[in-house]
Structures are given as C-alpha cells and as structure tokens.
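The values are calculated or read from the model by the stated rules, or taken from the named source; none is laboratory data. Given the structure is predicted, the values throughout are model-derived calculations rather than measurements. For neighbour counting, all protein chains shown are included, and Cβ atoms are generated from backbone atoms with ideal geometry for every residue, glycine included. Please note that ligands, DNA and RNA were not included when accessible areas were found on the heavy atoms of the full protein model with its side chains. Shrake-Rupley method; radii C 1.70, N 1.55, O 1.52, S 1.80 Å.
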Amino acid sequence: MLQLPPSLKYNYERLEVFLNTLPVNYCCTFEFRNHSWYNNDLYDLLEKHKCAFCIYELEYHMSPIVITADFVYVRLHGPKTKYAGNYSDETLSEWADRARLWQKNGKDVFIYFDNDQNAYAAYNALKFLEILQYSKTLSH
C-alpha cells in the first residue's frame, strides 16, 4: 500500500515510470490524497499494471469508488474526523453490500478501519464482520 501525500499532484508520466519498475507478482495499492489524481487515465494505468486504486473515506471526503485490480482495497479513516468517529450500522451495511458484490464478481476484498480513536476501528470491524455473517446466513 502506497499513500501519496496531499501535496503531490497528478503526474501520469512519473507514476508510469514507477509502475514499470514494480515486480509483477506483487499486489500494490495506491491511496491518492490529492484529488487531481481522480481521472480515467489514472484508472486505466492502474488497471494496466493490475494495481488497486485505494477507495477511502477521510474527514468528510469519500474518494471515487473505482476498481482497477482483481482485488479491492478500502480504508475507512473515520466518517467525519480524521482517524476518529464511529461508523453507523447503516454505513457498515452499505460497505458489506459492496463487499459482497465485489466478491461475487471474483474480487478479493480488503477493508481496513483506521478510525482508532476510542477503539472505534476494532468495534466497527467486529460489527462489519457480524453484518457480513448475518447476511451470509440469510442467503443460505
């Protein structure tokens, strides 16, 4: 997982050179904190190199939900404040629905909770798993 700083603006050529140096048997994910990276040329480049676009939420910002690899990588840093806050059951259910759909389409799914203030990350991860298990039970 590579996280680019908010100060680093879109540079297709630089990323392309870097991607060409990566080993082909590694799973790589890129989290772009500068919104200038959100464009179709970037998504196509990541897909060409089988690298994932990191879907993330951070302080009222939700990145585009774009799949560029055979796996999906989501980072939930907090719904309203950086690295804090508690995700609602409704929001966790929405993520569970997305995860199920992605899995149904053959994708491996990785969802990380980084809202660790007051142990919300652990609580939300457990609740997320509970929601996934409950819905799995209903579908059988």
Of the listed links 104/127; 9/48; 9/104; 50/104, those spanning more than 23 angstrom between alpha carbons are 9/104
Of the stretch 56-84, those with amide N under 19 Å from the point 7 Å along the Cα→Cβ vector of residue 38 are 56-69, 73-83
Summed over the other residues with a beta carbon less than 14 angstrom from that of residue 102, with K and R at +1 and D and E at -1, the charge totals 0
Taking every DSSP bridge whose two residues both lie in the chain, the antiparallel percent to the nearest 5 is 10
Residues whose built amide H sits under 5 Å from the amide H of residue 72, excluding neighbours closer than 5 in sequence, are 108, 109, 110
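Work out, step by step, the length gained on full extension between residue 3 and residue 89: first 0.36 nm times the residue separation, then minus their alpha carbon distance; give nm to one decimal.
My answer for the length gained is 28.2 nm.
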Per residue, accessible area of the chain with a 1.4 Å probe, heavy atoms of protein chains only, in Å², comes to 60
The rounded separation in angstrom of the Cα centers of the stretch 9-74 and the stretch 81-140 is 22
For residue 98, the accessible surface traced by a 1.4 Å probe with all protein chains present amounts, in square angstrom to the nearest 10, to 80
Karplus-derived 3J(HN,Hα) from phi for the stretch 20-26 (6.51 cos²θ - 1.76 cosθ + 1.60, θ = phi - 60°), whole Hz, x at Gly and Pro, runs 5, 8, 6, x, 6, 9, 9
Along the stretch 83-89, Karplus-curve 3J(HN,Hα) (6.51, -1.76, 1.60; θ = phi - 60°) to the nearest Hz, with x for Gly and Pro, reads 6, 8, x, 10, 6, 6, 4
Candidates for Rg/Rh (Cα atoms, Kirkwood Rh) are [x] 0.99; [y] 0.94; [z] 1.03, and the calculated one carries label [x]
At R0 = 25 Å the Cβ-Cβ FRET efficiency linking residue 14 and residue 66, nearest 0.05, sits at 0.80
With a 1.4 angstrom probe the carbon and sulfur portion of accessible area for the chain, in percent, totals 52
Between the modelled labels at residue 129 and residue 27 (7 Å from Cα along Cα→Cβ) the distance in nm is 1.7
Sorted by chain and number, the residues with a modelled amide H under 5 Å from that of residue 56, at a separation of 5 or more or across chains, are 63, 75
